[in-house]
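Quick notes on the structure that follows.
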Amino acid sequence: MSNKAVVYQGAGNVEIQDIGYPDLVLHEGPGVPPSNAGRKCEHGVILKIVTTNICGSDQHMVRGRTTAPKGLALGHEITGEVVEVGRDVEFIKKGDLVSVPFNVACGRCKLCKEQKTHICLNVNPERPGGAYGYVDMGGWVGGQSEYVMVPYADFQLLAFPDKEQAMEKIMDLTMLSDIFPTGFHGAASAGVRPGSTVYVAGAGPVGLAAAHSAQLLGASVVIVGDLNEQRLKQAESFGCETVNLTKHDSLGEQIEQILGIPEVDCAVDAVGFEASGHGPDAKEAPATVLNSIMTVTEAGGQLGIPGLYVTEDPGASDSDAKQGSLKIRIGLGWAKAHTFVTGQTPVMKYHRNLLKLILSDKAQIAKAVNATLISLDDAPKGYQDFDKGAAKKFVIDPHGSVRS
């Protein structure tokens, strides 16, 4: 049986290729560490993909800003129907409609037992943490495809209680695999609570998800900053204040025009290492967001940093940044006694409660991020449009099973 997938072919290039129908083994392939190749996964399942999304972190790879190998099948935001169950799976059943956390996690190690599934010790022999279709994350095959294998199914998968209801809300529920928990983690780790004033750096999908999450947590004012006017208008569409960072080189002064003071209670970095400076002639400056949120966050405030930072960036403008060494004003953060929370999001910590918010109509995450349905064959164009700054979250429907 064929299995079409989005495959990375080098900087700026993805193609639709047949990667073969999966089985319950992690085979040798692009990005698979030798000690992970041949790993048997009878604790896993095969999914028929219902929806799978294009993520900003996928875009970092496709731009050539990581060491991702050619031939890597992309995609870590996966929702699907179980079509095959391994012999060691007890509670997930064939026919279940499930959300897959983008973190690959065993459920057995010390860190998984502490709900730190983003840094599982057993799924990646090269470093803590695994993910599907992503560079340096264990070689697990990505899910921008027709079918995918998911290990440790009983532990990881979030089964939807009512398939018919789930399909009616699938454009929201597809966000549970990554973007909604990641945005929520950014807001929660920034300490957002009722009445908070919050600055969110970046109006891409994760920034929009963080802004919506801050609203759900009771923020009084959410300010979103970006260089792209279309994305800022998307943030305004669900009640955010916005600042266009191309128009002024002082973020504090822009915030003061909104709040009357040049600082906020807390801040979220939803940009990461491909950051740009502020002002009309700004160039790429990877430490800009981190330094700016320290500047505008009050003393004692918290900084949630779900934006991606890498250990190797071959496209960086200087030798330090190529190794992930940035010119961060850590002395400023120390002097202001800031709390920093970094790293990937432990999706399982949040996804069940976020599911309930969606099913009860309290969360409107698809609307917030402007979820836009495309076919698998249109995924390469989706990558191109996303790279140009489209104010959309592209949702891929490989089998045409979603009613638009």
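The values are calculated or read from the model by the stated rules, or taken from the named source; none is laboratory data. The model shown is predicted, which means the values in this text are computed figures rather than measured ones. Cβ coordinates were reconstructed from backbone atoms using ideal geometry, including for glycine residues, and neighbour counts include every protein chain displayed. Ligands, DNA and RNA are excluded from the accessible area calculation, which covers all protein heavy atoms including side chains. Shrake-Rupley method; radii C 1.70, N 1.55, O 1.52, S 1.80 Å.
For the reader, a short list of remarks on this structure follows.
- Over 22 Å apart at the Cα level, from the set 4/381; 233/392; 283/322; 169/388; 40/93, are 169/388.
- In loop segments of the range 1-79 as defined by DSSP, the trypsin sites (Lys or Arg not before Pro) with at most 15 further C-beta atoms inside 10 Å of their C-beta are 63, 70.
- Projected onto their three principal axes, the Cα atoms of the chain cover extents of 60, 48, 42 Å, largest first.
- Within the accessible area of the chain (1.4 Å probe), percent carbon and sulfur: 48 percent
- Computed FRET value (nearest 0.05) for residue 342 with residue 1, which takes r as the C-beta separation and R₀ as 60 Å: 0.90
- Comparing 370, 353, 53 in a Gaussian network model of the chain (Cα springs below 10 Å), the most mobile by mean-square fluctuation is 353.
- Global geometry of the range 90-211, whether rounded, prolate or oblate, following the gyration tensor of its Cα atoms and the 1.5 cut on a/c: oblate
- In this simple spin-label model, placing a label point 7 Å from the Cα along the Cα-to-Cβ direction at both residue 11 and residue 168 gives a separation of 4.9 nm.
- In units of the compact-protein estimate 2.2 N^0.38 Å, the range 186-265 shows a Cα radius of gyration of 0.98.
- Here each label is just a point 7 Å from Cα along the line to Cβ, and for residue 323 and residue 250 those points are 3.7 nm apart.
- Within the range 35-92, the ratio Rg/Rh, alpha carbon atoms throughout and Rh by Kirkwood, equals 1.07.
- Using the 1.4 Å probe convention, the accessible area of the range 262-395 works out to 46 Å² per residue with neighbouring protein chains retained.
- Debye-sum result for the range 163-319 in log10 I(q)/I(0), which assumes one identical scatterer on each alpha carbon, at q = 0.11, 0.13, 0.21 Å⁻¹: -0.41, -0.57, -1.35
- Residue among 139, 225, 389 with the largest mean-square fluctuation in a Gaussian network model of the chain, springs linking Cα atoms under 10 Å: 389
- Over the Cα atoms of the range 249-340, the radius of gyration divided by the Kirkwood radius equals 0.98; this is the Rg/Rh ratio.
- Residues of the range 89-125 with amide N under 11 Å of a point placed 7 Å along Cα→Cβ from residue 35: 122-125
- Annotation: the range 280-404 has a Kirkwood hydrodynamic radius of 18.3 angstrom, from the mean reciprocal C-alpha pair distance.
- Centre separation in Å (Cα based) which lies between the range 167-196 and the range 72-99: 22 Å
- Among 180, 155, 102, residue whose mean-square fluctuation peaks in a GNM of the chain (springs only between Cα atoms under 10 Å): 155
- Cα shape, the range 28-68, gyration tensor, a/c 1.5 rule: oblate
- At full extension, residue 236 and residue 332 could sit 31.5 nm farther apart than now, given 0.36 nm per residue minus the alpha carbon distance.
- Rounded to the nearest 500, the helix-only mean residue ellipticity at 222 nm of the chain stands at -6500 deg cm²/dmol, with each DSSP H run of n ≥ 4 adding -39,500 (n - 2.57).
- Spin-label zone in the range 118-150 - amide nitrogen under 11 Å from a point set 7 Å from the Cα of residue 377 along the C-beta vector: none
- Cα-based shape type of the range 152-191, given that a ≥ b ≥ c are square roots of the gyration tensor eigenvalues and the cut on a/c is 1.5: oblate
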